[in-house]
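Below you'll find the structure, written out as structure tokens, and then a few comments.
The values are calculated or read from the model by the stated rules, or taken from the named source; none is laboratory data. Please read these numbers as outputs of a predicted model, since none were measured by experiment. All Cβ positions, even for glycine, are placed from backbone atoms using ideal geometry, and neighbour counts span all protein chains on display. Accessible surface areas use protein heavy atoms only, side chains included; no ligands, DNA or RNA. Shrake-Rupley method; radii C 1.70, N 1.55, O 1.52, S 1.80 Å.
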Amino acid sequence: MCGIIGVAGNTEAVSVLLDGLERLEYRGYDSAGVAVVSPDGNLQVKKCKGRLSVLREALSRQEPLSGTIGIGHTRWATHGEPSDVNAHPHVGQNGKIAVVHNGIIENYLEIKQSLIRKGISFVSDTDTEVIVQLLEYYYGKKSDLMDAVYAVLNRIKGAYAMGILCSDFPGQMIAAKKDAPLLIGYGTDGNYIASDVTALLAHTKTVTYMEDDEVAVMTPDQVQIFDRDGCLLEKEKQLIAWDISAAEKGGYAHFMLKEIMEQPEAVWKTISPRLANGEIVLEELAEDADFMRGISRIYLVACGSAYHVGVVGKYVLEKLLHIPAEACLASEFRYSEPVLGESSLVIVISQSGETLDSMAALREAKRKGSRVLSIVNVMGSSIARESDYVLYTWAGPEIAVATTKAYTTQMVLLLMLGLWMARQLNRIQEGEYRKLVGGLEQLPEKIKKVLGNLDLYQKAASRYFNHNSVFYIGRNLDYALGLEGSLKLKEISYIHSESYAAGELKHGTISLIEPGTLVVALASYEPLAEKMLSNIVEVTSRGAEVLAVATEKTEGLVNSQAAEVFVIPAVHPLLQPVLGVIPLQLFAYYIALNRGCDIDKPRNLAKSVTVE
Ligand code: G6P
């Protein structure tokens, strides 16, 4: 969702800001803007509704904004429609202070009304404008900018990551954070703030994650971070392992295709550091193996595709551990008064580590005394930091809104966790454990094999891209897979699609099947492949056209009923969804390509959802 970049540097800020905003585009936005301050205190702002190209174009038509200190923002509308005036940065009525903000100020109406009563006039419908108007108001009264900043932070309620410029202090930028991510980057040519590490990679890999209630004051040569009482802090710096090339397309038409093709390597990066002499080693959990042994219930909590990993996890963990496991949508979990206690383990799954509902679910679980283990991709993200245990997927930056490599690596890590726990609990036989560990090691090679059939998925997509409704059916792990396949398709191609447990179809949805309806039938889960055949016959006998996903072992069963079969290598049934998802990702990708959709930035969607 909204993105922030800021620089206190030695060269012109605008191009740095625009470049940073470009790298944040993938998060989803509907307007963008920049503000810079010149050494003589001239605060200049430009902001526009629409894509970044509109802002670039508008900037090229006017006198260049000049200054080496600046802030930029991509806005995803929450309070107030997408428009030039609602875009950030917002400037106070005296034109002295500019602010960019991510998050939501919950008590903005009350503050706005009280400022209006004091004669301050507002120009936008945003909650953010109260920050800047209040800041100017307090600054006017207190004459000390930092006092005014703290007064504002004490008054506002809600979530914020913000960057602040003031024309009276043209050499500095101020940043503040609470419940929304913000990092500081230390470069050789200046210092930076960003809501997302990908915006910083071109300048530096040395960063500090700001914690809640911290305030930073930055100049080109210095970064000072203060706590909520104004005391100077010594913060640790971290080195980001990601390379800038990982956040670039590298010759692929879309980030999504690049990320799909990166899966063999990404999965290997997830697996290899955690395997030693054929044994799964989870150092992150080793010290607490005792707690793991006492777990009586597991909740897998997440949103979107990560929730679909949770559904895979439910089947896998119950099978391996014989402990009840439940997959929960974070947005439901947090308000459902879940029965949690000290022996419950809550597994939060999140690529970004910033999804607000997942974060809230995590806090609810901790409030109720449960331990939280998170499976996260982005290092140092909020969910990672607040969890009791973190397992990083190490998938590298994922830019396309529709997740692919993060999904597969989350699934692989969950399988490894299940196997590790099964070993701790003595619930898996040696032979089965060996088979699964061996299977894990071979996954990258098998994924490569599935990726070798691009032309097959391409051909199928050009045959089916005109359909306006597609059903996905499967049983057990194939059902979980169908949820993800269907979501991928609707996210990027805008085709209506639904996913059903195959046995459930006849309880209502089968009435929608008519001659020519496309049904993607997943028959890769060998133990239930025969049952799937009956469900396939159910739909073909009503005229449906079936596109099946089968393994080398189940292909023979479904061949005669399906118009098309994507055949994938047969692996252990618990590992099968890791391979099964790949044809579904590529099918969705090529369908969207045929339909001319904006694949990496689908309409109305955001990569990281930081609102409820
Ligand atoms: C958004 C993304 C999805 C993602 C979901 C959860 O909706 O578009 O691809 O699965 O958020 O995100 P997370 O970062 O928590 O995995």
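Quick check on my filter: what residues within the range 394-425 are within 24 Å of S195 (Cα to Cα) and either more than 10 Å from the ligand (Cβ to nearest atom) or basic (K, R) (or both)?
Start the filter on the range 394-425 by keeping residues that are within 24 Å of S195 (Cα to Cα), which leaves 394-407, 409-410.
Those that are within 24 Å of S195 (Cα to Cα) and either more than 10 Å from the ligand (Cβ to nearest atom) or basic (K, R) (or both): W394, A395, G396, P397, I399, K405, T409.
Quickly run through the range 444-459 and pick out the residues that are farther than 24 Å from I271 by Cβ and free of Cβ contacts under 8 Å to residues at least 60 places away in the same chain.
D455, K459
Any idea which of A306, A246 is under 17 Å from P397 (Cβ atoms) and in contact with a strand residue (DSSP E or B) (Cβ under 6 Å, 6 or more places away or on another chain)? So that I can check it myself, show each step before the final result.
Working: A246 fails: in contact with a strand residue (DSSP E or B) (Cβ under 6 Å, 6 or more places away or on another chain).
Result: A306 is the single residue among A306, A246 that is under 17 Å from P397 (Cβ atoms) and in contact with a strand residue (DSSP E or B) (Cβ under 6 Å, 6 or more places away or on another chain).
Within the range 15-25, take every residue that is surrounded by fewer than 23 Cβ atoms within 10 Å (Cβ to Cβ) and in contact with a strand residue (DSSP E or B) (Cβ under 8 Å, 6 or more places away or on another chain) and give me the one that is farthest from V401 (Cα to Cα). Break it down into steps so the answer makes sense when it comes.
Quick first cut of the range 15-25, residues surrounded by fewer than 23 Cβ atoms within 10 Å (Cβ to Cβ) only: 15, 18-19, 22, 25.
Right, trim to in contact with a strand residue (DSSP E or B) (Cβ under 8 Å, 6 or more places away or on another chain) and you get 18, 25.
Values: L18: 20, E25: 10 Å.
Here the answer is L18.
What is the residue count in the range 259-310 for residues that are open to solvent by 10 Å² or more (accessible area, probe 1.4 Å), under 30 Å from R334 (Cα atoms), away from the ligand (no atom under 16 Å from the Cβ) and part of a loop (DSSP other than H, G, I, E, B)?
So the count comes out to 5.
How many of the residues in the range 353-376 are surrounded by fewer than 20 Cβ atoms within 10 Å (Cβ to Cβ) and assigned to a loop (DSSP other than H, G, I, E, B)?
Qualifying residue count, the range 353-376: 2.
The conditions are (1) touching a strand residue (DSSP E or B) at 6+ places or on another chain (Cβ under 6 Å); (2) in contact (Cβ under 8 Å) with a residue 40 or more places away in the chain, and L52 fails exactly one of them. Which is it?
Of the numbered conditions (1) touching a strand residue (DSSP E or B) at 6+ places or on another chain (Cβ under 6 Å); (2) in contact (Cβ under 8 Å) with a residue 40 or more places away in the chain, the odd one out for L52 is (2).
To keep it simple, each residue is scored yes or no on (1) open to solvent by 30 Å² or more (accessible area, probe 1.4 Å); (2) free of Cβ contacts under 8 Å to residues at least 24 places away in the same chain.
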| residue | (1), (2) |
| --- | --- |
| E538 | yes, no |
| V546 | no, no |
| G556 | yes, yes |
| L575 | no, no |
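Within 21 Å of the chain's Cα centre (by Cα), crowded, with 20+ Cβ neighbours inside 10 Å and within 14 Å of the ligand (Cβ to nearest atom): is that true of M379 in this structure? Write out each step before concluding.
Working: within 21 Å of the chain's Cα centre (by Cα): yes; crowded, with 20+ Cβ neighbours inside 10 Å: no; within 14 Å of the ligand (Cβ to nearest atom): yes.
No.
Among the numbered criteria (1) out of contact with any strand residue (DSSP E or B) (no Cβ under 6 Å at 6 or more places or on another chain); (2) in contact (Cβ under 8 Å) with a residue 24 or more places away in the chain; (3) over 30 Å from P527 (Cβ atoms), which single criterion is violated by T404?
(3)
Could you please find all residues in the range 185-206 being under 27 Å from G158 (Cα atoms) and within 20 Å of the chain's Cα centre (by Cα)?
Within the range 185-206, I193, A194, S195, D196, V197, T198, A199, L200 meet the criteria.
Just one of the numbered conditions (1) modelled with pLDDT under 95; (2) in contact with a strand residue (DSSP E or B) (Cβ under 6 Å, 6 or more places away or on another chain); (3) open to solvent by 10 Å² or more (accessible area, probe 1.4 Å) is not true of I156; which one?
Of the numbered conditions (1) modelled with pLDDT under 95; (2) in contact with a strand residue (DSSP E or B) (Cβ under 6 Å, 6 or more places away or on another chain); (3) open to solvent by 10 Å² or more (accessible area, probe 1.4 Å), the odd one out for I156 is (1).
Being within 16 Å of the chain's Cα centre (by Cα), assigned to a helix (DSSP H, G or I), farther than 16 Å from E283 by Cα and not β-branched (V, I, T) is the filter here, so list the residues in the range 382-397 that pass it.
Of everything in the range 382-397, those that are within 16 Å of the chain's Cα centre (by Cα), assigned to a helix (DSSP H, G or I), farther than 16 Å from E283 by Cα and not β-branched (V, I, T) turn out to be S382, R385.
Yes/no matrix, rows are residues, columns are (1) in contact with a helix residue (DSSP H, G or I) (Cβ under 6 Å, 6 or more places away or on another chain); (2) modelled with pLDDT of 95 or more; (3) open to solvent by less than 40 Å² (accessible area, probe 1.4 Å):
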| position | (1), (2), (3) |
| --- | --- |
| L65 | yes, no, yes |
| G72 | yes, yes, yes |
| R75 | no, no, yes |
| E81 | no, no, no |
| D84 | no, no, no |
| I104 | no, no, no |
| I111 | yes, yes, yes |
| L115 | yes, yes, yes |
| D125 | no, no, no |
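Counting just the residues of the range 595-610 that are within 25 Å of Q458 (Cα to Cα) and near the ligand (Cβ under 10 Å from one of its atoms), which one comes out surrounded by the most Cβ atoms within 10 Å (Cβ to Cβ)?
Of the range 595-610, the ones within 25 Å of Q458 (Cα to Cα) are 595-603, 605.
With near the ligand (Cβ under 10 Å from one of its atoms) added as a condition, the list becomes 602, 605.
Numbers: P602: 20, L605: 13.
Filtering the range 595-610 for residues that are within 25 Å of Q458 (Cα to Cα) and near the ligand (Cβ under 10 Å from one of its atoms), the one surrounded by the most Cβ atoms within 10 Å (Cβ to Cβ) comes out as P602.
Output the residue which, of all residues in the range 330-352 that are more than 11 Å from T610 (Cβ to Cβ) and near the ligand (Cβ under 9 Å from one of its atoms), is surrounded by the fewest Cβ atoms within 10 Å (Cβ to Cβ). Walk me through how you get there before you give the answer.
Step one: filter the range 330-352 for residues more than 11 Å from T610 (Cβ to Cβ), giving 330-351.
Adding the requirement that they be near the ligand (Cβ under 9 Å from one of its atoms) leaves 330, 348-351.
Values: A330: 25, V348: 30, I349: 34, S350: 32, Q351: 29.
So the residue we want is A330.
Of (1) more than 21 Å from I71 (Cβ to Cβ); (2) surrounded by 16 or more Cβ atoms within 10 Å (Cβ to Cβ); (3) at pLDDT 95 or above; (4) among the aliphatic types (A, V, I, L, M), L232 satisfies all except one. Which?
Condition (2) is where L232 drops out.
Are any of the residues in the range 166-173 crowded, with 23+ Cβ neighbours inside 10 Å and not in a loop (DSSP other than H, G, I, E, B)? Break it down into steps so the answer makes sense when it comes.
Of the residues in the range 166-173, the ones crowded, with 23+ Cβ neighbours inside 10 Å are 166, 173.
The next check asks that each one be not in a loop (DSSP other than H, G, I, E, B); those that pass are 166, 173.
Within the range 166-173, one or more residues are crowded, with 23+ Cβ neighbours inside 10 Å and not in a loop (DSSP other than H, G, I, E, B).
With the structure loaded, tell me whether G313 is surrounded by fewer than 23 Cβ atoms within 10 Å (Cβ to Cβ) and over 16 Å from the mean Cα position of the chain (by Cα) or whether it fails that test. Even if it seems obvious, please write down each step before you answer.
Details: surrounded by fewer than 23 Cβ atoms within 10 Å (Cβ to Cβ): no; over 16 Å from the mean Cα position of the chain (by Cα): yes.
In short, no.
Kindly indicate whether any position in the range 384-397 is free of Cβ contacts under 8 Å to residues at least 60 places away in the same chain, surrounded by fewer than 24 Cβ atoms within 10 Å (Cβ to Cβ) and aliphatic (A, V, I, L, M).
Scanning the range 384-397 turns up at least one residue that is free of Cβ contacts under 8 Å to residues at least 60 places away in the same chain, surrounded by fewer than 24 Cβ atoms within 10 Å (Cβ to Cβ) and aliphatic (A, V, I, L, M).
Conditions tested, residue by residue: (1) touching a Lys or Arg at 6+ places or on another chain (Cβ under 9 Å); (2) not polar (S, T, N, Q).
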{"position": "S469", "(1), (2)": "no, no"}
{"position": "I473", "(1), (2)": "no, yes"}
{"position": "N476", "(1), (2)": "no, no"}
{"position": "L481", "(1), (2)": "no, yes"}
{"position": "E484", "(1), (2)": "no, yes"}
{"position": "A501", "(1), (2)": "yes, yes"}
{"position": "E504", "(1), (2)": "no, yes"}
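Output the number of residues of the range 30-64 satisfying the condition of being within 22 Å of Q172 (Cβ to Cβ) and under 33 Å from the mean Cα position of the chain (by Cα).
Total meeting the criteria: 9.
Among the residues of the range 138-153, count how many are assigned to a helix (DSSP H, G or I), open to solvent by 20 Å² or more (accessible area, probe 1.4 Å) and out of contact with any helix residue (DSSP H, G or I) (no Cβ under 6 Å at 6 or more places or on another chain).
Residues flagged as assigned to a helix (DSSP H, G or I), open to solvent by 20 Å² or more (accessible area, probe 1.4 Å) and out of contact with any helix residue (DSSP H, G or I) (no Cβ under 6 Å at 6 or more places or on another chain) within the range 138-153 amount to 6.
In the range 316-329, what residues are touching a residue at least 24 places away in the same chain (Cβ under 8 Å) and either in contact with a strand residue (DSSP E or B) (Cβ under 8 Å, 6 or more places away or on another chain) or within 14 Å of the ligand (Cβ to nearest atom) (or both)? Steps first, please.
To start, the set of residues in the range 316-329 that are touching a residue at least 24 places away in the same chain (Cβ under 8 Å) comprises 316-317, 319-329.
Within the range 316-329, L317, L321, I323, P324, A325, E326, A327, C328, L329 qualify.
Output the number of the condition that K177 fails; it satisfies all remaining conditions of (1) assigned to a helix (DSSP H, G or I); (2) modelled with pLDDT of 90 or more.
Status for K177: all satisfied but (1).
Which residue out of T68, T74 is under 19 Å from I399 (Cβ atoms), in contact with a strand residue (DSSP E or B) (Cβ under 7 Å, 6 or more places away or on another chain) and of a type in the set (S, T, Y)?
Details: T68 fails: under 19 Å from I399 (Cβ atoms).
Exactly one of T68, T74 is under 19 Å from I399 (Cβ atoms), in contact with a strand residue (DSSP E or B) (Cβ under 7 Å, 6 or more places away or on another chain) and of a type in the set (S, T, Y), namely T74.
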